[in-house]
1. Give me the pairs, please: first residue somewhere in segment 1-24 and closer than 19 Å to Tyr196 by Cα, second residue anywhere and of a type in the set (Phe, Trp, Tyr) and open to solvent by less than 50 Å² (accessible area, probe 1.4 Å), beta-carbon distance under 8 Å, and either six or more positions apart or on two chains.
2. Checking Cys34 against (1) at pLDDT 85 or above; (2) open to solvent by 30 Å² or more (accessible area, probe 1.4 Å), which single condition isn't satisfied?
3. Of the residues that sit in segment 292-311 and are assigned to a helix (DSSP H, G or I) and modelled with pLDDT of 75 or more, which one is most open to solvent (accessible area, probe 1.4 Å)?
4. Kindly indicate whether Met184 is closer than 30 Å to Glu46 by Cβ, part of a helix (DSSP H, G or I), open to solvent by 50 Å² or more (accessible area, probe 1.4 Å) and hydrophobic (A, V, I, L, M, F, W, C).
5. Considering only residues that are part of a helix (DSSP H, G or I) and open to solvent by 70 Å² or more (accessible area, probe 1.4 Å), which ones fall in segment 48-66?
6. Need the failing condition index for Val207 against (1) surrounded by 12 or more Cβ atoms within 10 Å (Cβ to Cβ); (2) modelled with pLDDT of 75 or more; (3) within 27 Å of Gly35 (Cβ to Cβ), just the number.
7. Looking only at segment 1-32, count how many residues are more than 17 Å from the chain's Cα centre (by Cα), part of a helix (DSSP H, G or I) and of a type outside the set (S, T, N, Q).
Amino acid sequence: MIILFLVSAVFAIICYKYDPKSPPLRWVVFLLICGSLAGLSRAIIESFIPALNRNDINSEWINTLLYYLRIITGFVSIYFCPYGILMHAITYSTKLTAKMTRILKYVLLIPIPLMLKTTVYVPDIIPDFDNMLYWAVPYIVIACILHLYGYFTEKDKQKRKSRFITLSLMFPVILSALILNYIMRVFNSGNQEWRYIIFFIVASFFVFIWKALGTAGSLNGIRLRYEREAHERTRQAVNQGAALINHAIKNQIYKIDTSLQTIDLNQLDNSSKKSVQIIDRSAKHLMEIMERMHHKTQEIKIVKSKNSLIDLVEASLENEKIGVG
């Protein structure tokens, strides 16, 4: 179980460093912390305490400290794991609003405090797997459904590929935990099949490292992926800002253009008429510039269609004659 503790801890650190501001990744880190605590909880009674006894260095206060550490880590790892699995699926699916996600973050915690009364703590912690069958198992099943729904409804090819990688990493671990830890232990609390979950976690860890390194097989692969995703986030932020500025300036230009339409040129002298005409041309020119900026900051969407090459050339020549383009 020390391996589970170490692998999950290292996995959590890597994921957190990858993008600490990403809500789905923060929930992955939360899940990995639960896995690490599960490994620590088992290591306390299977490795640490026996090692202390063999070397005759245990004492009452050490035993008390390890006992409470075992209870706390065991409780958190068992009961908070299904909650973290579902919250990750909710945030990663992006199907719910931010407000609904915040509400669910607190509502879904409700069953966990109830487990405080039904859990056995002496002489060792025995989780209430019977009652978990009614909320923990549905949490995990719903999470799996959300992951699959998000994958099959994703239209963007790059995001769809990313979702597939996430599924390939998480599903083996989630399903093994669901079956081996939360279903089988309801019918046989003394079974040890749950220990096989560690093989799925270790396998997912190495797959993650392989995917992160990329085809180059060096640490540069991770750095390149960081830069690419950071660039994508920056580009989206710039596009959103440009769209807001574009909209604000267009509103002012529309006001100018509308006001010019109400002016009766016949009542103005030649100097005033020229000034109004200059303002009108400048407003139209500004509108053209804003339209160009708008198109430049939008994502390019290629629409295939049949066109006459001669017509395209003639249209280009015509635009050059009138000064468009």
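1. Short answer, once both residue conditions are applied: Val7/Phe205; Phe11/Phe205; Phe11/Phe208.
2. Looking at each condition in turn, Cys34 falls short on (2).
3. Leu309
4. Spelling it out, Met184 is indeed closer than 30 Å to Glu46 by Cβ, part of a helix (DSSP H, G or I), open to solvent by 50 Å² or more (accessible area, probe 1.4 Å) and hydrophobic (A, V, I, L, M, F, W, C).
5. Phe48, Asn53, Arg54, Glu60, Trp61, Leu65
6. Here Val207 clears every test but (2).
7. Result for segment 1-32: 8.
The values are calculated or read from the model by the stated rules, or taken from the named source; none is laboratory data. Keep in mind that what you see is a predicted model, and the values were worked out from it rather than measured. Reconstructed Cβ throughout: ideal geometry from the backbone, glycine too, with neighbour counts over all protein chains shown. Side chains included, ligands, DNA and RNA excluded: accessible areas come from the protein's heavy atoms. Shrake-Rupley method; radii C 1.70, N 1.55, O 1.52, S 1.80 Å.
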